[in-house]
Amino acid sequence: MSELGEALALIHRARGRFETLRATVREWYEAEYARRAGERYAATRDGQDEGWADLLEEREAHGGWQSRESVLRLWVEKPDRIREEREGEAHGPEIGIRDGELWWMYDAEWGVESNEDDPSVGSGVGQGVEHLLDPAPLLGALRFELLGRSTVAGRDAIRLRARPRANAGHSFALFQLGREAEEYELSIDAERGVILREAALSEGREYRVTEILEVAFDERFPPETFALTLPSGASPRPNEDVQPQQVALSEAVRLASFPVFTARLPSPWLERVSYFRGDPRRRHPETVAIHYWLEDASHQVSLLEHAADELYPLDEHSRWEQIERDGQQLEVSRQKPRAETRVRLTREGTSITASAAAYHFDDLVDLAIALERVRPT
Amino acid sequence: MCDRLENCERSEQQTTGSLGIRLWHAKGVTELSDLLELLVGADDSFRTVKATIRSWRDDVKYGEAFERHAEEQERRSGASGAVLVLVGDDGAEEESEPAEEVVRIWLEPPDRVRVELEGRWTQTMVSNGPTTWSYTPEMGAVREERGARGQAEAPLLLQPAVLIAGLDFDSPEKTELVGREALHVRARPRPAGPMLGWHDLHGLAQGADEYDLVVDAERGILLRAAALMDGEEFATSEVTEIAFDEQLEPERFTFTPPPGETVRTPEEAFGGEIEDVSIEEAARRAPFTVFVATKLGPHWTMDVHFHGKRERPPMPVTVFVHYSRTDDGLEQFGLSERARRENEAEPGSDWERVDRAGQALYVYMPSEQKRRWPSLIRFERDGTWIELSSQSFERERLLEIAASLAPAPTEPPLLRSR
């Protein structure tokens, strides 16, 4: 029996070593070394196979890398109850609860979401910490080296250094640790086997750390622990009935506070118009969307229109290129071949974005230039 | 002695190990720790290995076990999982004789491996540094620069660490196999929970009730792995000869094509690779009329893949058109189209012939036991052989789609205004 073997056995059996867990978890992430780790990994054979270059490009297009720190409070009651509360710059809802098949999430920006109407819809509640509570999948993905002892959150811990195995590319557990890291340091609870601290390292430096600040096992939780109670002053939904409505084009023109434009495509194109009155809470402006489609599903063209002095959320991280055509200023967002291309212009105070896949870029520009205003009847 | 490792917890004793940390010392835990340390260290335990592995499986029971596994996946995730379909070209669900194969392997980590497979298929694969050669009689010899593969190509028996998370182990017992001291251990797949882990037993026959393993007591590799259902083995892999740390001849890791064979690049061999194209391009390039579904609503999209003609193995030009709904993504169907062959075999007895508007359609609806399999309709239209498939639609809806098919355009519709 060796100390390393004992650690492996602890890791393997961690999932059966507690019935409830309550913890406060700190997560922090350092952008510069994370970016360098990602770029290094993207150049490796595994990184190429996994398409990391595309992931990095997409990340750059959506704001790049930002350092962040957050605190997560966690309550877990087996077999299938979990509550998460987040503070700080974390990704994810402020409150997430799962009880069996059902889940609820609350966020100040999005309000309450739940699958009560359709329990078959899943969620990510709890997935971010799953590998801490059941680290067994890491046994097949990593090679371990015993470093010694430590104390984390007041508990005895076994410290391990770990490096990815050559064939670990498809390990989801490794993805949760940070696939791009060169190595990891793990602190395993010497009694329960859960991960008390994990760190991803690049160039010998920690850049991504999750650590338990306090933890208690096998407490009894009051029933309301896994029921959603909104924070004081919070409302369940920003607007209960805020959904796009399908309307006739003339109705959209009447409702919209900005001029509406159309492409008037010839047969066999069909047209479908929807109006959305906006959702200030989610920073979503009033919009008119016109969708042109064909009965054989081979092609679609979309126009998305809103007041030019408002921002559309999905556009914030897109890369736009300025062009001029026939004396008009346009912006284009070109994608890879066969992916969606977008052309944006402003006409009489309305921002119009035309998008289509599988059409030549010039055809879409010509369509955008030829848009006609629909006058109220 | 504990019969199951988890039962040993009741007799746990605490001591303080050399690290000054409380350690759990039950005999069962000791055995588990030793077993795990063997298994995780297996692929690091040798400089070279040369082995012959014989594998066998009952395809029918293998398929049943896989179905069970896929249903469990689907139940956990709410999404349709993979489907293992053995529907042959004549339409019948294949029920074949038990499959046997023999694999010979020479492995010198980190980046040298030779694998020779004989059985239902014959294949040779050699990887040496960044270069990999593969050969089958059907596809010929192909060389590609894929980066070092080496140990990644080794059979599961030689790198069993990936299995650990998915199994609960009984206490091992000493045994012997192929002249080597070994540990015989039974294991069961770990139950998946909505929160705590579902573990992929990739490489072992999935969906088994239990597994019977023989672990080399010195090296930690698996000398034997068997999957059982209802107490009976339905898939096994077993080492029949093995040698460690021998000097392997360098020639083992070079590839000599069989007489008459030319080594080709992937582009030369797979020149008919699948391309993403527009429907118009597929219609222009295909040597047959390409058909598309019509009368679809605004939420449908299509993806089109063009598969060029391939000589080895012989494969005609084929166009795949996949439809899906953008609003919920739950409804999907697909068309697979090629030129009708002369003497095209009619589908077998599992298929129902339906005549609609003078068109003969052959319909396959899976049985209740195979309800996750796709429904199929096969028919000929103007010299094109079409297969319509879907897991989403009932029989009548599929027949409506089949009736709606029309020739695909060769040019996209105009975007110019009226």
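Please treat every number below as a calculation from the coordinates, not as lab data. This is a predicted model, so every value here is computed, not measured. Cβ placement follows ideal geometry from the backbone for every residue including glycine, while neighbour counts extend to all protein chains displayed.
For the segment A:77-87, counting C-beta atoms of other chains within 10 Å of every residue's C-beta and taking the mean gives 2.
Axis angle, to the nearest 10 degrees, between helix A:3-13 and the longest C-alpha principal axis of chain A: 50 degrees. Cut-off 15 Å, label point 7 angstrom out along Cα-to-Cβ of A:Gln127: give me the residues of region A:155-199 whose amide nitrogen falls inside. Within reach of a label on A:Gln127, which here means backbone N under 15 Å from a point 7 Å along Cα→Cβ, region A:155-199 contributes A:171-178. Working from Cα positions, state the angle (0 to 90°, nearest 10) between the long axis of helix A:31-42 and the longest principal axis of chain A. So the helix axis and the longest Cα principal axis differ by about 90 degrees. Averaged over the residues of A:7-19, the number of partner chain Cβ atoms lying within 10 Å of the residue Cβ comes to 6.
Once the Cβ-Cβ distance of B:Glu144 and A:Glu58 is raised to the sixth power relative to R0 = 41 Å, the FRET efficiency obtained is 0.90.
Relative to the dominant Cα principal axis of chain A, helix A:52-61 is inclined by about 60°. Remark: B:Val239, A:Val365 ranked as A:Val365, B:Val239, counting other beta-carbon atoms within 10 Å and listing the fewest first. Classification of the protein assembly as shown by its C-alpha gyration tensor yields an oblate form. The axis ratio a/c (a ≥ b ≥ c) is 1.5 or more, and b/c is at least a/b.
Across q = 0.12, 0.14 Å⁻¹, region A:34-175 modelled as identical point scatterers on its alpha-carbon atoms has Debye log10 I(q)/I(0) values of -0.73, -0.98, in the order of the q list.
Let's test the formula: R0 of 56 Å, r as the Cβ-Cβ distance of B:Asp245 and A:Glu101. What FRET efficiency results, to the nearest 0.05? Before the final figure, lay out the partial values.
Working: r = 53 Å, r/R0 = 0.94.
Efficiency at R0 = 56 Å is approximately 0.60.
The packing ranking of peptides A:326-333, B:255-262, highest mean first, is A:326-333, B:255-262, where packing means the average number of other beta carbon atoms within 10 angstrom of each residue.
Positive-end ranking of A:Leu72, A:Leu160, A:Phe217 along the dipole of chain A, with charges on Cβ about the Cα centre, is headed by A:Leu160.
Counting Cβ atoms of other protein chains within 10 Å of each residue's Cβ and taking the mean over peptide A:183-192 gives 1. Rounded, prolate or oblate: which fits region A:1-75 when a ≥ b ≥ c are the square roots of the eigenvalues of the alpha-carbon gyration tensor, with rounded for a/c under 1.5 and prolate only if a/b beats b/c? Verdict is oblate for region A:1-75.
Give me the percent relative contact order of chain A, please, defined on Cα pairs under 8 angstrom at least 6 residues apart.
It rounds to 14 percent for chain A.
Viscosity 1.567 mPa s, temperature 4 °C: give me the Stokes-Einstein translational D for region A:150-281 in µm²/s, with Rh taken as the Kirkwood radius over C-alpha pairs. Here the translational diffusion coefficient equals 61 µm²/s.
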